[in-house]
Every structure is written in C-alpha cells, then in structure tokens.
1. Has region 14-30 got at least one residue that is over 21 Å from T153 (Cα atoms), modelled with pLDDT of 65 or more, of a type in the set (D, E, K, R) and not in a loop (DSSP other than H, G, I, E, B)?
2. Could you look through region 55-84, keep only residues that are assigned to a helix (DSSP H, G or I) and closer than 18 Å to L122 by Cβ, and pick out the one that is least open to solvent (accessible area, probe 1.4 Å)?
3. So the check is Cβ under 7 Å with 6+ separation or different chains; which pairs have a first residue in region 53-71 that's without any contact (Cβ under 8 Å) to a residue 60 or more places away in the chain and a second one that's buried (at least 20 other Cβ atoms within 10 Å of the Cβ) and of a type in the set (S, T, Y)?
4. Give, as residue ranges, the helices (runs of 4 or more DSSP H) completely inside region 85-173 that count at least 3 residues that are of a type in the set (A, V, I, L, M) and crowded, with 21+ Cβ neighbours inside 10 Å.
Amino acid sequence: AAAPTIGNQFDQPMNQEITLVAVTTDDWLRGNPKAKITVVEYSDTECPFCKRHFPTMQQVVSTYGDKVAVVFRDFPLSFHQNAQKEAEAGRCAFEIGGNDAFWKVHDYIFDKTTSNGIGFPLDQLPVAAKEAGVNVAKFQTCLDSGKYAKTVTDEMAGGSSAGVNGTPGNILL
C-alpha cells in the first residue's frame, strides 16, 4: 500500500514523512469501513473553511458509497474559543448515544454555526443533544465534567504529528 500523503493549502501532495494514528473501530466513520479509499479529516466545528468543506465530504460518501470511508477527527484551533467544548460535546453524545448520536450532534453544529470561533453558542449544545435523541441531563453532566478535554487535545496532537497545521486537514489513505 502507498504511504499516506497530506495535501497543502494548494491541494498538492507534499513529500514528507508523516505519523498518522491508525484508523480503528473507535474512529467516527461515514461510509464503508472496509473501503479501499479512506479520507481522514481533521476538522474544527468553528472553522469557516471546515463548514464549507462539510457538505463536500457528505457528497463524497453519497456519491462513492462503498468505495470510500471518511473518518472525522477533532482539531479545534485555539482561536476558535467554542471549538474545544464542541469537540467534547461530540464525544459526550457518542458516549451516551453511540455513533449515530455523534454524527447528529456533529452535523447539527456544522449546520447551525456561523463559524469564526463563537458561531455556535455553547448554551445550544444541549439543544443539539436533544435533537440527536441523547439524554440531555447525562449529556450536560458529561460536558460539564470536562472528561474528554484531554482526549480532544491528544487527538489534535495526533493530527499535528500527521502534518496537519490547519483545518480542514485531510489525509488520503
């Protein structure tokens, strides 16, 4: 198999060695987990470029069906002040309601945010959870605990090790 490559801002492959955390069943995935082509997307829910990129990745899965998988990983940029907590919210939704709940919260945030750091008010995260069918009290307890803060920053560090330095950062496997 070919080594993974990462594209720069001009969508040109860069010839650099990267260290990518392996895709596992713990990743959030759309499409066929056994597809020959996998796109690992490092993203920030408050990034305006990620918001514009979001429907493209949905279309890739819709168009190519079983031939492709898209893996979502968090990469909340520090200057997008709500992105970290939104990333934690996705993990809380997953903990309570599974993969479908994660994607519903994820999609709700991307659909509703105006981006640029505080485009989705944090007090609306329980609304996103409710829309996803997640128990709101359990969700709020999880979110308030901060239990996934380090997990999110660790995932971001993994993206940095893979050469991601901005969002969206896509790696084609």
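1. Yes, region 14-30 contains a residue that is over 21 Å from T153 (Cα atoms), modelled with pLDDT of 65 or more, of a type in the set (D, E, K, R) and not in a loop (DSSP other than H, G, I, E, B).
2. Residue satisfying both the conditions and the ranking: A83.
3. So the pair list comes out as A69/T38; V71/T38.
4. 125-131
The values are calculated or read from the model by the stated rules, or taken from the named source; none is laboratory data. Everything numeric here is computed off the predicted structure, so don't read it as measured data. Positions of Cβ are backbone-derived with ideal geometry, glycine not excepted, and every protein chain shown enters the neighbour counts. Surface accessibility is based on the protein's heavy atoms, side chains included, excluding ligands, DNA and RNA. Shrake-Rupley method; radii C 1.70, N 1.55, O 1.52, S 1.80 Å.
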